[in-house]
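The values are calculated or read from the model by the stated rules, or taken from the named source; none is laboratory data. These numbers were taken from a predicted model, which means no experiment stands behind them. Methodologically, a virtual Cβ is constructed for each residue, glycine included, from the backbone with ideal geometry; neighbour enumeration extends over all protein chains shown. Ligands, DNA and RNA are stripped out before the accessible areas are found, and what is left, the full protein with its side chains, is counted by its heavy atoms. Shrake-Rupley method; radii C 1.70, N 1.55, O 1.52, S 1.80 Å.
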Amino acid sequence: MASSGPDPPCSCDCFVSVPPASAIPAVIFAKNSDRPRDEVQEVVFIPAGTHIPGSQLQCTYIEVEQVSKTHAVILSRPSWLWGAEMGANEHGVCIGNEAVWTKEPIGEGEALLGMDLLRLALERSSSAQEAVHVITGLLERYGQGGSCREDPTPFCYHNTFLLADRTEAWVLETAGRLWAAQRIQEGARNISNQLSIGTDISAEHPELQTHARAQGWWGGQSTFDFAQVFSLTQQPVRMEAAKARVRAGQELLQQQQGDITAEVMMGILRNKESGICMDSGGFRTTASMVSILPRDPTQPCVHFLTATPDPSRSVFKPFIFGVGAAQAPQVLSPTFGAQDPARTLPRFQTQVDRRHTLYRGHQVALGLIESEQGRGQQLQQKQRDLEQEGLEAARRLLAGEWTPPPQELGGLFQAFVERESQVYA
């Protein structure tokens, strides 16, 4: 039977800053992906594509109908699955997801993972609002379900999403095929493994309130509060723990209101005291992402990705969509074709080594940081220096002080990955 409660630790944290909370005229998005500690996340670039109408697309577990055109995307994803934990597309749309458990039962059948919905929305949307429509439409047609970890014991959950673009953000929270969404046009917002949308609902499933009344969860007399009505009466331990992270995240954002930058977001993602930068109970922050989405459509969006675990000991490297954008081979995991234990039935009966080149080098570096104080400090300084170069390049680019050719911009991520690899060599 599928596990419907988070007995194994499972958590993530997503953040967004919409002007005037940002220090610059840009929306700033951030996410920590907290997953099983040995799970490898790869960073995958997928160019825009055209497809045969009516063709089928294989996602992690099921096929869906493909659309005629898909947008270019950059994804940070657990390397065993099709979808992604977080990512962005060429139009400046960013999405991160979170695990959530509600009163609505979790089905045991395989359907679309929340991570599949995230990738599908990025490939098919040119705004955050359109991404909300894509996810809710796919949810209605295909449902969500299937094990969310590479383990023979199924572990299933429903999903919440934080979606952002150059002008605004949306929070989308689901319970089975039902959902509620909230539009954020200014200020800072964060989500974790909790339903957070109360009475301020911008859009909802047409049967949401009817279903709640039919189940006896809401009498209809009081104002409908999605989180209150659909949250479990007794929260699982992991969801209770997430409340503290939500509050800590809110406080950290509040402290920086009006001054939030990409660097501020990176600092929040590295905060270990709050548990936002996580390492406990077999889970840890396995990858992180921060994006700058300028209001000015003539300026490029800049997406910083780690491709390695523990942001406090990783390098955020800049990626920019452009003519020269291509896959960085050092952050691409090996593939195993039809013999992949995620594809063979029954699934996940064996383990394979999915570590990519940068992950392996980073593992060695972490060992030195922990065992040799002197060399460890030198390594961490090199990491910080490299990251600062990326942040300074982004600052100069957005300030109009640096205008490199498109080919150089598109190859920026690859160049920083290569330099980080040299640090660990």
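General remarks:
- Of the candidates Phe321, Phe336, the single residue that is open to solvent by 60 Å² or more (accessible area, probe 1.4 Å), modelled with pLDDT of 95 or more and over 18 Å from Ala287 (Cα atoms) is Phe336.
- Inspection of the stretch 403-412 identifies at least one residue that is open to solvent by less than 40 Å² (accessible area, probe 1.4 Å), touching a strand residue (DSSP E or B) at 6+ places or on another chain (Cβ under 6 Å) and in contact (Cβ under 8 Å) with a residue 40 or more places away in the chain.
- Restricting attention to the stretch 325-342, the residues that are closer than 13 Å to Ser79 by Cα and among the hydrophobic types (A, V, I, L, M, F, W, C) total 4.
- From the list Gln56, Gln41, the one residue that fits, being closer than 28 Å to Gly109 by Cα and open to solvent by less than 20 Å² (accessible area, probe 1.4 Å), is Gln41.
- Neighbours by Cβ (under 6 Å, 6+ apart or cross-chain): first from the stretch 357-381, over 22 Å from Ala287 (Cβ atoms); second at pLDDT below 95 and part of a helix (DSSP H, G or I): Arg375/Leu368
- Test: residue in the stretch 117-131 that is at pLDDT 95 or above, over 30 Å from Ser22 (Cβ atoms) and open to solvent by less than 30 Å² (accessible area, probe 1.4 Å): no
- Complete set of residues in the stretch 179-200 that are farther than 18 Å from Phe29 by Cβ, touching a strand residue (DSSP E or B) at 6+ places or on another chain (Cβ under 8 Å) and open to solvent by 10 Å² or more (accessible area, probe 1.4 Å): Trp179, Gln194, Leu195, Asp200
- Within the stretch 267-329, strands (runs of 3 or more DSSP E) holding 3 or more residues that are out of contact with any Pro (no Cβ under 6 Å at 6 or more places or on another chain): 283-294, 317-319
- Answer from Thr160, Thr153 - the residue that is in a loop (DSSP other than H, G, I, E, B) and either open to solvent by less than 10 Å² (accessible area, probe 1.4 Å) or modelled with pLDDT under 95 (or both): Thr153
- Scanning the stretch 201-217 for residues that are open to solvent by 30 Å² or more (accessible area, probe 1.4 Å), over 22 Å from Ala128 (Cα atoms) and without any contact (Cβ under 8 Å) to a residue 24 or more places away in the chain gives Gln209, Thr210, Arg213, Ala214, Gly216.
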